[in-house]
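Here, each number is a calculation from the coordinates, and none is a lab measurement. In this text the structure is predicted, and so the values were computed from the model without any measurement. Reconstructed Cβ throughout: ideal geometry from the backbone, glycine too, with neighbour counts over all protein chains shown.
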Amino acid sequence: MKNFSKENKDDLYGLLLGPLLSQDDGIDAETLSNLALNSLKLASLKRNVPIFSNLLSKATINLQRNDSRLNQNIFGCNFKNPIGLAAGFDKNGVGAGVWNYFGFGFAELGTITWHPQRGNPKPRLFRIAKEKAALNRMGFNNLGAQKFLKTLEEQKLEPPGHRPIVLGINLGKSKITNLHDANKDYALSLELLGPISDYAVINVSSPNTPGLRSLQETEQIKKLIKTLKNLPNCPPLLVKISPDLSNEAIDEIALVSKQEGLDGIIAINTSLDRYQLKNRIIKTGKTLSQESGGMSGLPLQKRGLEVINRLRITMNNDLPLIGVGGINSAKSAWERITAGASLIQIYTGWIFEGPRLVPDILDGLVHQMEINGFKSIKEAIGSQEPWK
Ligand SMILES: Cc1cc2nc3c(=O)[nH]c(=O)nc-3n(C[C@H](O)[C@H](O)[C@H](O)COP(=O)(O)O)c2cc1C
């Protein structure tokens, strides 16, 4: 069996960023992300200029896999493989044209709000290095739906269905919009961005916009789904839920999603729970329980798996599930898929482990499929086969 994590530490990413990512202090986490995003933005704009496309292909060739056993058609979209970039990293869609080079089968852009907004005061993103976790209270900082559309147009992407990768958009409520007017706010963004998206996500689970998570309540979410589904350009529509919901509330939202004709559920967003880390002191000098924001990364792995298991049982395979939260290895990806997720997403794990994580997961999945005699990744979904 391949030693995935060992190889990871030997690659360029590990050599360059390993020392930085292994400590809470040092370069601010958001500054580091922005540096990466600026490079991705340039790469995406120039990706069709021969010299750039050669460079990009050479730099990323080892990250890509092309194995038809990993293909799936879900809610009408062709996914080359089941790994996606989770929402929140590419909030403004600047790297939309290059996420396929990193081996992803899909990328979720956003969260985008109708109104541009700065988000919360900085610092607002913290590494919790030893525990492979992060705390963020970004607050949906983004340039707004109209600028998002321009950014995607500038990259001259192919239309939905003809791209090398599935591109989803994750929509949130603008902070200045009153909760009573939330539906209108989401609808304005979706009306504008629906035509350029392969799928859209109703984000009602971020802990950093006051009151947002109350939209997960049955009557509220029903109305919101109805409003959005009735729009003429509504693409496949999913909802992203919080790990902090009770199991009963998860069952409820699953049933509503089914009744209202949603196309899938994404579980889970960041958590207000501090798990075993309540007294962990972070860069600010305060403990995690004294700091606001949502936790991500390894501490969410157990709850993320639990929620997918719960949803599989409640939904009885009626709706595609996307598993996210604490996935940082082929094993954790396999566990989420065999628990019932058709697709998975990564964020914090990708930052800590580096770009090698995508091919390492894909190789690990194929290896497990072979051991189990599965001819397609579809056979693994919900199979409950343990990692061997
Ligand atoms: C810095 C940061 C920003 C995030 N922003 C968003 C966001 O804008 N919208 C969203 O739906 N999820 C957002 N998330 C949540 C992730 O998409 C994901 O659900 C969560 O981090 C759990 O996955 P992970 O453990 O792989 O990071 C954010 C996460 C992080 C770490």
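Is the chain rounded, prolate or oblate when judged by the Cα gyration tensor, a ≥ b ≥ c being the square roots of its eigenvalues, rounded requiring a/c under 1.5 and prolate requiring a/b larger than b/c?
Working: a/c = 1.15, a/b = 1.11, b/c = 1.03.
Judged from the Cα gyration tensor, the chain comes out rounded (a/c under 1.5).
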Label-point separation (nm) for residue 158 and residue 383, each offset 7 Å from Cα along Cα-to-Cβ? 3.0 nm
Per-residue HN-Hα couplings for segment 157-171, Karplus 6.51 cos²θ - 1.76 cosθ + 1.60 at θ = phi - 60°, whole Hz, x for Gly and Pro? 7, 5, x, x, x, 10, 9, x, 8, 7, 10, x, 10, 10, 10
Where is the GNM fluctuation largest for the chain (alpha-carbon springs, 10 angstrom cutoff): 110, 168, 364? 364
For the ranges 302-308, 209-215, 331-337, 61-67, what's the packing order if you count other beta-carbon atoms within 10 Å of each residue, average per peptide, and put the highest first? 331-337, 302-308, 209-215, 61-67
Listed with the fewest Cβ neighbours within 10 Å leading, 180, 367 appear as 180, 367
What size of dipole, in debye to the nearest 20, comes out for the chain about its Cα centre when the only charges are +1 on Lys and Arg C-beta atoms and -1 on Asp and Glu C-beta atoms? 580 debye
Segment 179-312: C-alpha gyration tensor shape, a/c 1.5 cut-off, then a/b vs b/c: prolate
The relative contact order of segment 4-380, taking Cα pairs under 8 Å that sit 6 or more residues apart, comes to a percentage of 17 percent
Could you check the simple spin-label distance between residue 31 and residue 12, using points 7 Å along Cα→Cβ, in nm with one decimal? 2.4 nm
Which one of 294, 15, 342 has its Cα pushed farthest toward the positive end of the charge dipole of the chain, where Lys and Arg give +1 and Asp and Glu give -1 at the Cβ? 15
Classify segment 87-166 from the C-alpha gyration tensor, please: rounded if a/c falls under 1.5, else prolate or oblate depending on whether a/b exceeds b/c. oblate
When the chain is modelled as a GNM with alpha-carbon springs shorter than 10 Å, which of 183, 120, 141 fluctuates the most? 120
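Return the calculated 222 nm mean residue ellipticity for the chain, to the nearest 500 deg cm²/dmol, obtained by summing -39500 (n - 2.57) across DSSP H runs with n ≥ 4 and dividing by the residue count.
Values: 13 runs with 144 residues, N = 388.
So the helix-based figure for the chain works out to -11500 deg cm²/dmol.
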Rounded to one decimal in nm, the spacing of the 7 Å Cα→Cβ label points at residue 46 and residue 363 is 3.0 nm
